[in-house]
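**Q** First, the structure itself, so that you have it in front of you.
FYI, it's all coordinate maths here, none of it is from the lab. Computed from a predicted structure; not experimentally measured. So basically every Cβ, Gly included, is an ideal-geometry build from the backbone, and we count neighbours across all protein chains shown.
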Amino acid sequence: MPKHIASGLKYLAAVKLKETGKSHQEIADELNVDRSTISHYLNGRNLSWNSIDVARTIVELSPRDFLKMAEAIFDEPEQSRKIVSICKERNFKAIIEDSCIGCGLCVSACSMKAIKLESLQAHADSIQCCGCQLCSEGCPTGSIKILEIEND
Ligand code: SF4
Ligand code: SF4
């Protein structure tokens, strides 16, 4: 079953990438599948609607549950990161305040690789942030704020 759900999630990601104007080949490269598979997906072939429905339900879970489900479904962290990044329906701004002591716990906690340490201070890339809040919950100084941004 996870394989079918993985295909459903890749289908949703392919549709989103198509909406941004990417070609079938570019989508295939981005999702690490062959071009003919993407063409089948986008023509509605080789996929059960049940898999797509389950994938849609997963995408609509809370940001943390979506991330955890994606990590459980895909073997490679890079794949789950990519799917979450493309399919997430909510956007967030990650703010790190000056009270940060540079312990690095948030860097390890962030599966999306949205946080880096530079000069003993954490810096977040909001584009990569999926809003899971794992970083802020583990921060010993309460220096991280994750704010949801209204979609246009
Ligand atoms: S966990 Fe908190 S204190 Fe530690 S590096 Fe991250 S923001 Fe700074
Ligand atoms: S909420 Fe924190 S841990 Fe989660 S993706 Fe955003 S920066 Fe990373």
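**Q** Can you compute log10 of I(q)/I(0) for the range 88-152 with the Debye formula, treating each Cα as one identical point scatterer, at q = 0.21, 0.27, 0.29 Å⁻¹?
**A** The Cα Debye sum returns log10 ratios of -0.75, -1.20, -1.37.
**Q** What residue among I95, S108, S7 has its Cα farthest toward the positive end of the dipole of the chain, where the charges are +1 on Lys, Arg and -1 on Asp, Glu, each on the Cβ?
**A** Checking the options against the dipole of the chain, the answer is S7.
**Q** I would also like to ask the following. Given contacts defined as C-alpha pairs under 8 Å and at least six residues apart, what's the relative contact order of the chain, whole-number percent?
**A** This gives 22 percent for the chain.
**Q** Could you pull out every residue, at least 5 positions away or on a different chain, whose amide H is within less than 5 Å of the one on K88? Hs are placed 1.01 Å off N in the peptide plane, and Pro or chain starts have none.
**A** When sequence neighbours closer than 5 places are left aside, there are no close amide H contacts.
**Q** Another question about this same structure. Tilt of helix 77-87 relative to the longest C-alpha principal axis of the chain, in degrees (0 to 90, nearest 10)?
**A** Approximately 80 degrees, to the nearest ten.
**Q** Write down the Kirkwood hydrodynamic radius of the chain, to one decimal in angstroms, obtained as one divided by the mean of 1/r over all alpha carbon pairs.
**A** 16.4 Å is the Kirkwood radius here.
**Q** Suppose the chain between D29 and T57 were pulled fully straight at 0.36 nm per residue; how much longer would it get relative to their current alpha carbon spacing?
**A** Length difference between fully extended and current span is 7.5 nm.
**Q** How big is the range 2-87 in terms of Cα radius of gyration and Dmax, in angstroms?
**A** Taking only Cα atoms of the range 2-87, I get Rg and Dmax of 11.8, 32 Å.
**Q** Quick one: 3J(HN,Hα) in Hz for the range 128-142, Karplus 6.51/-1.76/1.60 with θ = phi - 60°, rounded, Gly and Pro as x.
**A** Each residue's phi maps through the Karplus curve to give 7, 6, 9, x, 5, 6, 5, 5, 5, 5, x, 6, x, 10, x Hz.
**Q** Ok, one more. Check the cysteines of the chain one by one and keep only those with no other cysteine Cβ under 4.7 Å from their own.
**A** Within the chain, the cysteines lacking a partner Cβ under 4.7 Å are C87, C100, C103, C110, C129, C130, C132, C139.
**Q** If you don't mind, there's one more thing I want to ask. Need the C-alpha centroid separation for the range 17-41 versus the range 109-124, integer Å.
**A** 30
**Q** List the residues whose amide H sits under 5 Å from the amide H of K93, counting only those 5 or more places along or on another chain, with H placed 1.01 Å from N in the peptide plane.
**A** Under 5 Å from the amide H of K93 lie the amide H atoms of L147, E148, I149, each far enough along the sequence or on another chain.
**Q** Once the Cα atoms of helix 63-73 and of the chain are each reduced to a long axis, what angle between those two axes, in degrees from 0 to 90 to the nearest 10, is obtained?
**A** Between the helix axis and the principal axis of the chain, the angle is about 50 degrees.
**Q** Moving to a separate point now. For the chain, find the longest principal axis of its Cα atoms and tell me its angle to the long axis of helix 2-19, 0 to 90°, nearest 10.
**A** Its long axis makes an angle of about 90 degrees.
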